[in-house]
Structures are given as C-alpha cells and as structure tokens.
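Beneath this line is the structure, given in structure tokens, with notes to follow.
The values are calculated or read from the model by the stated rules, or taken from the named source; none is laboratory data. The shown structure was predicted, so the numbers you read here are calculated from the model rather than taken from an experiment. As a convention, Cβ positions derive from the backbone with ideal geometry for all residues, glycine included, and neighbour counts pool all protein chains shown. All accessible areas refer to the heavy atoms of the entire protein, side chains included, with ligands and DNA or RNA removed. Shrake-Rupley method; radii C 1.70, N 1.55, O 1.52, S 1.80 Å.
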Amino acid sequence: MRAGFPDFRLGNVLATSFTGTLSERHGNAVERIPTPHRLVDWLAVSGLAVDSCTAAQLDLARELRESIHAAATAAAIQDALPASAVQVINDCSAQGRAAAVLTPEGKRRWRLSSASCVEDALSVIAADAISIIAGERDGKLALCASPTCQAAFFDTSQSRTRKWCDMNTCGNRQKKARFNANQRKNPRSAE
C-alpha cells in the first residue's frame, strides 16, 4: 500500500466495498482513491489487478462508484432506481472483458487477462452491483445507521438486521459515543 493514504475498508461484497472508497459522505468525507495509482492499489487488493490507470479512468471509476451508491441507496429504501445511475452501471458492465472462473474451493472469482485495463475491472464491479441490486444474491441492501456515513451495504447476516456498514469503524464509533454520553449523564456509574 502507498503511504499517506487512508486504509481501504474492504468487505465481502465487491460493489459495496467499492462504494466504501468514499466514506463519511455526510460528514468529513474521506476519499480513499484520490489518485489513479490508488485505484490500481484498490483493484489489486480486490482481485482485479491492472497495470495502470489514467486520470480519465479514475473519473470513470468514481462515476461508477457514485452510480452504484445512488442505486444501492434507492434499492435499500425501496425507492425508484435513478435512471442515470442505472445507465452508468449498465454501460460499465457491458464494456468489460473479464471471465468468471471457478476456484478449487467452489467459489466464483473474476479473471482479467494480462492485457486488461481499468474498464475491464470496472465491468466486474458493475456486474456485482447488478447482482445485488437486482436481488439475485442472498442478503439485503441496507444503509449504515451512522448519521455521518449512511453507506449502502449488503447485509448477509442471518437475521438481516445489521446496522453498520463496518462494525470496526462506524459501529464502534457509535457505541463509543453512546458510552461517553451515558458516562456524562451518570458520572458515578464509572466508579
């Protein structure tokens, strides 16, 4: 990883992990792919390694990210999907050259060729977004309960009642805030 950049927040779902490259959207936003090289890093840790990225490809990636976020948010609140977001997702999905492969463990992985470019990797992310937004996978889209985050995430918990996009960040931050508020209300309870 390149020094000086915020850590990636990687989850189990490619599309929503990608939308997490911009976090705290309703607070002090944290951009986790501020440069083309940083997008190359994120794609590599996500199993979609490419050799390089241009500024235009980074712009396309951010446009896809925001389109997935908009569509996933609409789906989570059972609202109509924004037509412009659907168009971007569909266009990105259609333009790539990637192959789904089966691993020895029985999992699906995506394979890019050595000549693959950022658009090929983005097509995989778009296809993943389509599968979760269309309801083809076991789970449900939800929004993070953190008022500064509100990221769309894919809840695969057994009860489908997860509140936080990431327990290690948003969940812990909210629990700590609640604990501190309770300590201020009841200062003697700490003794």
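Restricted to segment 101-145, and to residues there that are part of a strand (DSSP E or B) and open to solvent by 50 Å² or more (accessible area, probe 1.4 Å), the residue that is nearest to Lys163 (Cα to Cα) is Leu143.
Given the residues Thr21, Thr16, which is the only one that is β-branched (Val, Ile, Thr) and either at positive phi or in contact with a Cys (Cβ under 9 Å, 6 or more places away or on another chain) (or both)?
Residue meeting the stated conditions: Thr16.
If I filter segment 22-36 for residues that are closer than 14 Å to Ala152 by Cβ and without any contact (Cβ under 8 Å) to a residue 40 or more places away in the chain, do I get at least one hit? The answer is no, given that none of the residues of segment 22-36 is closer than 14 Å to Ala152 by Cβ and without any contact (Cβ under 8 Å) to a residue 40 or more places away in the chain. Looking across segment 1-39 at every residue that is assigned to a loop (DSSP other than H, G, I, E, B) and among the polar types (S, T, N, Q), the one that is farthest from Trp164 (Cα to Cα) is identified as Thr35. Residue count for segment 40-61 satisfying the condition of being out of contact with any strand residue (DSSP E or B) (no Cβ under 8 Å at 6 or more places or on another chain) and either among the hydroxyl-bearing types (Ser, Thr, Tyr) or under 21 Å from Asn90 (Cβ atoms) (or both): 10. Looking only at segment 40-81, residues that are in a helix (DSSP H, G or I), open to solvent by 40 Å² or more (accessible area, probe 1.4 Å) and touching a Phe, Trp or Tyr at 6+ places or on another chain (Cβ under 8 Å) come to 1 in all.
Here segment 7-19 is the region considered, the condition is being open to solvent by less than 20 Å² (accessible area, probe 1.4 Å) and more than 17 Å from Ala85 (Cα to Cα), and the residue that is nearest to the chain's Cα centre (by Cα) is Ser17. Regarding Ser84, is this residue over 15 Å from the mean Cα position of the chain (by Cα) and open to solvent by less than 40 Å² (accessible area, probe 1.4 Å)? Here the answer is no, as Ser84 does not meet what is asked.
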